[in-house]
Amino acid sequence: MFKRIKENPYYKKFKEMRADPKLRPITSLIFWFIFLAIVVIFVRVTSKPMQTSSFDNTPQSLSNYKFTYANNSGVIFGESYDDKLEFIYGNNRYYYNGSNVYLILNQSAQLVANFDLNVLKITPDLINNLTSDLTYSMNGEAKVYVVPLSRFINLYEYDTEADLSLANNYNIIINVYEKNNRAYMYKLDLSNYYVFRGLNNSGILTIDIYDNKNNFTEYYDDLIGGVV
């Protein structure tokens with residue numbers, strides 16, 4: 001390698017310039033310019049933040065989002081903010097303040113007793129908890145998770161003491177669709193859950209998720225302030 005350097009015409013020219021007392025200062029400047037350029041490049045490279053992989057394994061955590069839920073029972077449109085919900089179901093508008101559900105009529109609110117809110121419990125956070133630590137397979141653009149039915153019941157029904165030995169023989173399937181490492185749609189095949197619980201529902205639940213920054217909670221919290 002050193003032989004090739006010595007035979008290089010630029011190196012020979014540089015040696016001739018170094019041998020000439022008049023040109024030696026110029027060669028010194030060239031040397032220092034090259035040295036400083038190398039130092040600057042080195043500093044920039046070493047000071048550059050480390051690049052992480054574009055794939056983020058951290059589960060998506062959302063409490064503010066718009067959503068569409070669809071199954072054989074109908075379609076629910078709504079939005080979530082700080083885990084409170086505004087949604088439309090059956091041409092009626094409702095508000096869930098974290099404890100109760102209210103029917104919104106014009107500028108008034110009516111408390112709705114025993115409202116079935118179960119399907120809206122299937123939030124992105126719940127799905128993240130269901131699929132955490134599970135491996136997945138790819139089906140086109142979807143990540144496919146096979147979730148034990150017992151695990152789903154424990155988290156969905158908040159029942160950790162029930163005898164779920166029979167449920168251990170069944171699974172539910174969750175398909176997660178992502179864009180830019182953010183989930184935008186979920187498809188859940190809950191057939192085994194509905195059969196296990198003796199419910200007359202079709203198996204497929206589709207959830208579409210959209211970003212939301214609209215804080216609607218203050219208006220509704222003021223509206224239901226006088227509701228008993």
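Derivation of every value follows stated rules applied to the coordinates shown; laboratory data play no part. For clarity, every value in this text was computed on a predicted model and none was experimentally measured. Cβ: placed from backbone, ideal geometry, glycine included. Neighbour counts: every protein chain shown.
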Added length on full extension, which subtracts the Cα-Cα distance from 0.36 nm per residue, residue 91 to residue 177: 28.1 nm
Least to most buried among 86, 79, 141 (fewest other Cβ within 10 Å first): 141, 79, 86
Theoretical gain in end-to-end length, residue 202 to residue 70 [0.36 nm per residue, Cα-Cα removed]: 46.4 nm
Residue 194/residue 107 FRET efficiency (R0 45 Å; Cβ-Cβ; nearest 0.05): 0.70
Pairs beyond 18 Å (Cα-Cα), from 84/213; 84/187; 66/179; 143/213; 121/143: 84/187; 143/213; 121/143
Alpha-carbon centroids, region 199-228 and region 72-117: separation in whole Å: 6 Å
Label-point gap, in nm, between residue 115 and residue 132 - each point 7 angstrom along Cα→Cβ: 2.9 nm
